[in-house]
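Below is one structure; the comments refer to it alone.
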Amino acid sequence: MSETRQATDKPNSSAEAVLETNPRGIPKVQFVENVEEFISKSSAPVEVTLGKFQETVAKYKFMEINFLNRKKGLELKIPEISKTLTVVEYLVSKQDSDEPIETTFELNDTLWANATIKSTKTVNLWLGANVMLEYTLQEAKELLENKLDTNQNALKNVLEDLEFLREQVTTMEVNIARVYNWDVKRRRTLKTTSTV
Amino acid sequence: MRMLNQDEEADVEVTWEDQQKINSFSKLNAKYSDFELNYESKKQEKEYLDDLTEELELADEDDRIKYKIGEAFISISVEQAQQRIEKDKEILIQELEQIQNEMNSINEQMSQLKVHLYGKFGKAINLEKE
């Protein structure tokens with residue numbers, strides 16, 4: 001992963017060879033413990049270091065956008081699955097009664113039709129990619145519960161990753177501020193000593 | 001939310017421990033806003049269900065109601081509808097309580113962090129919501 005380069009390339013004694021990452025392999029940024037030591041160990045001028053830091057922030061932000069999109073996708077998908085699941089659960093509760101189910105369903109936008117459904121033991125589930133499969137109610141219920149679980153887990157991971165990314169960005173922003181301020185102060189002292 | 005610390009005047013060294021505290025604060029802050037949104041939408045939903053309960057009080061017991069399950073309306077008896085609403089409401093109340101608890105705990109953690117961070121960095125750090 002190209003994002004790792006920043007952290008490993010930093011010429012700092014405390015930089016370990018093994019890169020720390022979160023459970024999904026997102027690299028952790030390095031915190032600058034002592035600015036002066038950090039800069040003096042680096043042969044590059046301060047501007048280059050700052051540029052590198054900013055680049056790292058940009059990379060994390062890019063990842064953040066990706067994860068936010070994933071979050072949005074999952075947040076749409078999860079209610080859809082649970083809605084389908086409620087219908088299947090309703091059908092399950094009705095499967096032993098002879099009483100037909102009366103429904104009003106949407107044919108098209110603003111167009112609804114009535115239908116009477118005889119109690120059923122199977123449903124067709126739309127699996128995507130133009131495929132629909134017939135399942136028994138029990139199987140359909142299990143499948144949907146499973147899917148719901150998987151997606152909820154995925155959402156949990158995405159939220160965790162987003163938190164982690166935010167932490168890295170915050171750390172890096174503080175790094176930038178400190179290196180920058182250190183540089184401003186250094187220049188000021190240089191100026192005063194040279195004018196004296 | 002700005003978390004940049006302006007060392008220039010306050011000249012305090014930031015340690016790794018401080019950094020972690022800053023990170024936690026920023027994390028909790030974001031989490032709190034998420035919870036807030038979630039809480040509001042759930043509360044709204046519960047209010048709708050409350051209204052519905054009231055409406056159904058007036059309904060004739062022998063009436064059939066078209067109740068939306070999934071994407072379709074299914075004709076069910078008033079009693080069944082009331083049962084469904086009660087069940088949904090119970091779940092919502094539980095969820096609301098849980099969110100409220102989490103928000104309280106986040107608030108507490110944030111005030112603790114605030115005390116520490118303001119104590120150390122003073123005006124050099126800004127932890128208030130914009």
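A few comments on the model shown:
- Within the stretch A:57-69, the set of residues being among the charged types (D, E, K, R) and either crowded, with 16+ Cβ neighbours inside 10 Å or in contact with a strand residue (DSSP E or B) (Cβ under 8 Å, 6 or more places away or on another chain) (or both) comprises A:Lys59, A:Glu64.
- Of all residues in the stretch A:117-155, those satisfying the criterion of being over 16 Å from A:Thr86 (Cβ atoms), assigned to a helix (DSSP H, G or I) and among the hydrophobic types (A, V, I, L, M, F, W, C) are A:Ala154, A:Leu155.
- The residues in the stretch B:15-58 that are free of Cβ contacts under 8 Å to residues at least 40 places away in the same chain, away from every other protein chain (no Cβ under 14 Å) and exposed (fewer than 15 other Cβ atoms within 10 Å of the Cβ) can be counted, and the count is 11.
- The residues of the stretch A:40-56 that are away from chain B (no Cβ under 14 Å) and surrounded by fewer than 19 Cβ atoms within 10 Å (Cβ to Cβ), listed by number, are A:Ser40, A:Lys41, A:Ser42, A:Ser43, A:Ala44, A:Pro45, A:Val46, A:Glu47, A:Val48, A:Gly51, A:Lys52, A:Glu55.
- Looking across the stretch A:1-58, the residues that are of a type in the set (Ser, Thr, Tyr), at pLDDT below 85 and either touching a His at 6+ places or on another chain (Cβ under 6 Å) or under 22 Å from B:Thr15 (Cβ atoms) (or both) come down to A:Ser13, A:Ser14, A:Ser40, A:Ser42.
- Failed item, numbered, when A:Leu165 is tested on (1) in contact with a helix residue (DSSP H, G or I) (Cβ under 7 Å, 6 or more places away or on another chain); (2) away from chain B (no Cβ under 12 Å); (3) surrounded by 14 or more Cβ atoms within 10 Å (Cβ to Cβ): (2)
- Within the stretch A:78-90, residues that are in a helix (DSSP H, G or I) sit with their Cβ atoms under 8 Å from residues that are of a type outside the set (S, T, N, Q) and surrounded by fewer than 16 Cβ atoms within 10 Å (Cβ to Cβ), at 6+ positions apart or across chains, in these pairs: A:Lys83/B:Glu71; A:Leu85/A:Glu145; A:Val87/B:Glu71.
- For the stretch B:20-75, taking the residues that are among the basic types (Lys, Arg) and out of contact with any strand residue (DSSP E or B) (no Cβ under 9 Å at 6 or more places or on another chain), the one that is nearest to B:Glu90 (Cα to Cα) is identified as B:Lys46.
- Against the conditions (1) of a type outside the set (Lys, Arg); (2) surrounded by 14 or more Cβ atoms within 10 Å (Cβ to Cβ); (3) more than 30 Å from A:Arg24 (Cβ to Cβ), A:Asn124 satisfies every one except (2).
- Condition check for A:Thr150: surrounded by 11 or more Cβ atoms within 10 Å (Cβ to Cβ) and out of contact with any helix residue (DSSP H, G or I) (no Cβ under 6 Å at 6 or more places or on another chain): yes
- Index of the failed condition, B:Trp16 passing every other in (1) among the aromatic types (Phe, Trp, Tyr); (2) at pLDDT below 90; (3) under 26 Å from A:Ile81 (Cβ atoms): (3)
- The condition of being β-branched (Val, Ile, Thr), surrounded by fewer than 11 Cβ atoms within 10 Å (Cβ to Cβ) and in a helix (DSSP H, G or I) holds for only one of A:Thr171, A:Thr193, that being A:Thr193.
- Within the stretch A:173-196, the residues that satisfy the criterion of being over 19 Å from A:Thr49 (Cα atoms) and of a type in the set (A, V, I, L, M) are A:Leu190, A:Val196.
- Restricted to the stretch A:87-110, and to residues there that are surrounded by fewer than 16 Cβ atoms within 10 Å (Cβ to Cβ) and touching a strand residue (DSSP E or B) at 6+ places or on another chain (Cβ under 9 Å), the residue that is nearest to B:Ser77 (Cα to Cα) is A:Glu102.
- Residue in the stretch A:101-111 that is assigned to a loop (DSSP other than H, G, I, E, B), within 11 Å of chain B (Cβ to nearest Cβ) and over 30 Å from A:Phe53 (Cα atoms) present: no
The values are calculated or read from the model by the stated rules, or taken from the named source; none is laboratory data. Just so you know, these numbers come straight off a predicted model, no measurement behind them. Every residue, glycine as well, gets a Cβ built from its backbone with ideal geometry; the counts of neighbours run over all protein chains shown.
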